[in-house]
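As structure tokens, the structure follows; a few thoughts come after it.
The values are calculated or read from the model by the stated rules, or taken from the named source; none is laboratory data. The structure presented is a predicted model; accordingly, all values stated were derived computationally and were not measured. Glycine also receives a Cβ, built like all others from the backbone with ideal geometry; neighbour counts cover every protein chain displayed.
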Amino acid sequence: MNFRNFFRDSFRDSFSDSFSDGFRGFFTSVAPIILMGLCLEACKKPSLPNSVKEVAATDSVAPTPEPPPAPAPPPKKIHQPDTKGSVIVLCYHRFEDKPKDGLAITPAAFEAQMQAITEHGFTVVGMQDFLAWRRGEKSIPEKSCLITIDDGYRSGYDHAWPILKKHGFPFTMFIYTAFVKGGALAGGGSLSWGELAEMRDAGVDIQSHTVNHQSLRVKKGKFQSQFPSYEEWLKNEIAGSKRQIEAQLGISVQALAYPYGIHGDVIRAIAMEAGYEAAFSTYGQRLTYHSPADQLGRYAVESTKPKIFTDALAMVGGGGGMAESASTVSGQLAAVSMVTVPNEGEIVHDAKPPIKANLATMGDVEPGTVEIRVSGVGAVPVKYDPATKLAEAVLVQPLKDRQVTVLLSAQVRGRKVETRWSFVCDAVPPSTAPAHGTAVPAVVPAPHAVPATSVPVPAPAPSALPPAGAVRPAASSEGAPPAAVSGGVVAPR
């Protein structure tokens, strides 16, 4: 045997056995540990920087920050008030093919009047533009016209609205809430809240004409029995109607129309306290930037007295568009506190009653310029005493109308001032045509209306004339129960 070969074979066999045993031991003892480490390492997520970890933790807990609030709109810029504008306000009530009384007008006549407004150079403005002008926020044309419809009759919806839409004229509805369908004074000719909402959505302006459309100067009557005082009843009529219209229609009510145009110091104060920006009577007058906000006159258009409409068209423009001064307006409105006999709304029993007026509140009346006209009679002779400021009409013939309107005019500091008041003469038989407000609609439960009752007739007032300088706020005629006077200088029915 070759020693070298023997050594080689022995070493190979020996190494092979040792290597095989060692390799087997390695896998049975060490390999499992290595494999476990590799598996654990493979399961680890990649490490993130500390700053990234903090952001992730914050994002997972805190809600998304809200965007910063939008900046408040800048206050509306008030421009220098434009005092050159002037406005006439027309007042309508019902629209009927066969008018039952003077407060109704035929649709054809209404159409003709709307055309005449344009032909005479007027621009019809809406109530919101009118109020914005009064606040000094915008200008209006120098010859402007505001159209209003009182009470809330359906004829305004059926007949007047289509005509106004045809001409593109904005207008205002003055409603008294007890007359809306479901209210205590509602009737077959009443609008519903749904119809009023339809008009609102179409851009029609809706404002207040109180709750019950009763003279606000009548201090006694069953309509006040639910209230502890006259003032509380007034607040309900004025502020309560405003709240109800706002709640029913979701609008802001900013204007009030006095029932029959009648108002006084307390009434005006409550209206302004209630938040009204404007309060309207039915004393027809040209309105200017300086006209008092609580004594804004309207022309109560009547089918039986077409001159009211033509006077309205003539009132603006004759002065070359010049705005009246505040003192001139005050002079015109002084007649609102004039003391008269008979009193506004009084019922007299003599066909030739004394007709007197104390002109002390009118200012410097020029003697010889005082004129008195009586409806159904015409111009009558006048006695005027400059010392006592007392003017007295001399009736030569008896009155012809049951409802009588007296028109008194005079020159005051070179300018004509006119006032009107009305009374009832029961010595004259009543006409067959019903007067506005005398017929009481059927009373139905009103689930949403504030307390309401029928229209009262003012109690007769004493016929004695108070001394010169005494104050009695006048009224207006917008179809008043028996009579009608306005709250600026008085207007005819």
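Taken over the range 161-211, the criterion of being of a type in the set (K, R) and under 23 Å from S144 (Cα atoms) is satisfied by K165, K166, R200.
Scanning the range 262-285 for residues that are under 30 Å from A108 (Cβ atoms), at pLDDT below 90 and either touching a Leu at 6+ places or on another chain (Cβ under 6 Å) or not hydroxyl-bearing (S, T, Y) (or both) yields G284, Q285.
I'd like the residue in the range 224-238 that is surrounded by 13 or more Cβ atoms within 10 Å (Cβ to Cβ) and not in a helix (DSSP H, G or I) and, out of all such residues, is modelled with the lowest pLDDT. Checking each candidate, the answer is Q226.
The residue that is nearest to P429 (Cα to Cα), counting only those in the range 353-398 that are surrounded by 14 or more Cβ atoms within 10 Å (Cβ to Cβ) and in contact with an Asp or Glu (Cβ under 6 Å, 6 or more places away or on another chain), is G376.
Across the range 377-396, what is the total count of residues that are at negative phi and in a strand (DSSP E or B)?
Of the residues in the range 377-396, 10 are at negative phi and in a strand (DSSP E or B).
Any residue at all in the range 300-308 that is modelled with pLDDT under 95, in contact with a Phe, Trp or Tyr (Cβ under 8 Å, 6 or more places away or on another chain) and surrounded by fewer than 16 Cβ atoms within 10 Å (Cβ to Cβ)? No, there is no match, as no residue in the range 300-308 is modelled with pLDDT under 95, in contact with a Phe, Trp or Tyr (Cβ under 8 Å, 6 or more places away or on another chain) and surrounded by fewer than 16 Cβ atoms within 10 Å (Cβ to Cβ).
Taken across the range 104-120, residues that are surrounded by 23 or more Cβ atoms within 10 Å (Cβ to Cβ) and under 24 Å from V253 (Cβ atoms) do not occur at all.
Yes or no: the range 164-173 includes at least one residue that is surrounded by fewer than 24 Cβ atoms within 10 Å (Cβ to Cβ), of a type in the set (S, T, N, Q) and either at pLDDT below 95 or closer than 23 Å to I88 by Cα (or both). Yes - at least one qualifying residue is present in the range 164-173.
When residues in the range 113-129 are screened for being among the polar types (S, T, N, Q) and over 16 Å from G85 (Cα atoms), 3 of them pass. Listed by first and then second residue, the pairs linking a residue in the range 128-146 that is in contact (Cβ under 8 Å) with a residue 40 or more places away in the chain to a residue that is assigned to a strand (DSSP E or B) and not basic (K, R), with Cβ atoms under 6 Å apart and 6 or more places separating them unless they lie on different chains, are F130/L146; P141/T123; S144/V87; S144/T123; C145/I88; C145/V124; L146/V87; L146/V89.
Within the range 195-206, the residues that satisfy the criterion of being within 15 Å of the chain's Cα centre (by Cα) and assigned to a loop (DSSP other than H, G, I, E, B) are G203, V204. The set of residues in the range 139-194 being closer than 20 Å to V253 by Cβ and in a strand (DSSP E or B) consists of L146, I147, T148, I149, D150, D151, Y153, T172, M173, F174, I175, S190. Checked across the range 378-398, the condition of being touching a residue at least 60 places away in the same chain (Cβ under 8 Å) and within 22 Å of I262 (Cβ to Cβ) holds for no residue.
Taking the range 287-298, which residues are assigned to a strand (DSSP E or B) and surrounded by fewer than 24 Cβ atoms within 10 Å (Cβ to Cβ)?
If the condition is that a residue be assigned to a strand (DSSP E or B) and surrounded by fewer than 24 Cβ atoms within 10 Å (Cβ to Cβ), then T288 is the only one that fits.
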